[in-house]
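Data block below; observations after.
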Amino acid sequence: MAAPRSVLLLSGKRKSGKDFVAEELRNRLGPDVCTILRLSGPLKEQYAKEHGLDFERLLDASAYKEKFRQDMIRWGEEKRRADPGFFCRAAVQGALQPVWVVSDTRRLSDVEWFRATYGDVVQTVRVVATEETRKRRNWVFVTGVDDAESECGLDQGVAFDWVITNDGDEVALGEQLEELVQSVHRSL
């Protein structure tokens, strides 16, 4: 695994469009240059193994995943307390492209691990959308999920390098993404 030239740590509330923004960045940079890494992938895979669940169904936005979300959050927190870099190390395994977009950074310990491991190539990107926009994307506040560390862990304590507003204005989003892509190109 070659060291990355740029690591973009995306964070944001549920239904803010983190995955959409990550896909847009990869499309603009090209899949040979940019890969999307998900911290939740290794978490869900290990949780599924330990609990006899369908890993593939935990990856989608289904009722199946929602049924296990709170326990999965609790279980993931226990793993992180024992080893804060556990899921980060698993996520970067096999990444070969020079640009990594981590689409689901949720905790300060994740940001700290990437910064300690990869230094100045790491940039934090906050994806924001109004509550109204998130509701149009079928977001509903869930106690124990939307007020948990997995959703609120980066609400404070991080000075974001980039803030991307994703409220459905394609032109405005495109301009913001282009500025970020140009910055990434300068690091290659």
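If packing is taken as the average count of other Cβ atoms within 10 Å, what order do 119-127, 72-80 fall into, highest mean first?
Working: 119-127: 18.2, 72-80: 16.6.
Ranked from most to least packed, the peptides come out as 119-127, 72-80.
Determine the distance separating the Cα centre of segment 1-38 from the Cα centre of segment 98-160; give it in Å without decimals.
Centre-to-centre distance over Cα atoms comes out at 13 Å.
Suppose we keep just the DSSP beta bridges with both residues in the chain; what percent of those would be antiparallel, to 5?
Values: 0 of 17 bridges.
Of all bridge pairs located within the chain, approximately 0 percent are antiparallel.
Rounded to a whole number, what % of the accessible area of the chain do carbon and sulfur atoms account for, probe 1.4 Å? Mind dumping the intermediate values first?
On the way: 4680 of 9480 Å².
Roughly 49 percent, rounded to a whole number.
Excluding ligands, DNA and RNA, what is the solvent-accessible area per residue of segment 1-114 at a probe of 1.4 Å, expressed in Å²? Write out the running numbers ahead of the final one.
On the way: 5220 Å² over 114 residues.
It amounts to 46 Å² per residue over segment 1-114.
Can you give the calculated 222 nm mean residue ellipticity of the chain, where each DSSP H run of n ≥ 4 adds -39,500 (n - 2.57) and the sum is split over every residue, rounded to the nearest 500 deg cm²/dmol?
Details: 9 runs with 95 residues, N = 188.
Only helices count here, giving -15000 deg cm²/dmol.
Considering the values (i) -0.30, -0.38; (ii) -0.25, -0.31; (iii) -0.41, -0.50, which represents log10 I(q)/I(0) by the Debye sum over Cα atoms at q = 0.08, 0.09 Å⁻¹ as calculated for the structure under consideration?
Recomputing log10 I(q)/I(0) by the Debye sum over Cα atoms at q = 0.08, 0.09 Å⁻¹ here gives the entry labelled (ii).
Could you grab the relative contact order for the chain? Cα pairs under 8 Å, six or more apart, rounded to a whole percent.
Details: 266 pairs, mean separation 70.3, N = 188.
Rounded, it is 37 percent for the chain.
For ALA159 and HIS185, what is the calculated FRET efficiency with R₀ set at 22 Å and r taken between the beta-carbons, to the nearest 0.05? Walk me through the intermediate numbers first.
Values: r = 23 Å, r/R0 = 1.06.
That pair, ALA159 with HIS185, gives E of 0.40.
Can you tell me which lysines have their Cα less than 22 Å from the Cα of LYS44? Leave out same-chain residues fewer than eight positions away.
LYS13, LYS15, LYS18, LYS65, LYS67, LYS79
The values are calculated or read from the model by the stated rules, or taken from the named source; none is laboratory data. No experiment lies behind these values; they were computed from the predicted model shown. Neighbour counts run over all protein chains shown; Cβ positions are idealised from the backbone, glycine included. The protein model used for the area step is the full one, side chains on, heavy atoms only, and it has no ligands, DNA or RNA in it. Shrake-Rupley method; radii C 1.70, N 1.55, O 1.52, S 1.80 Å.
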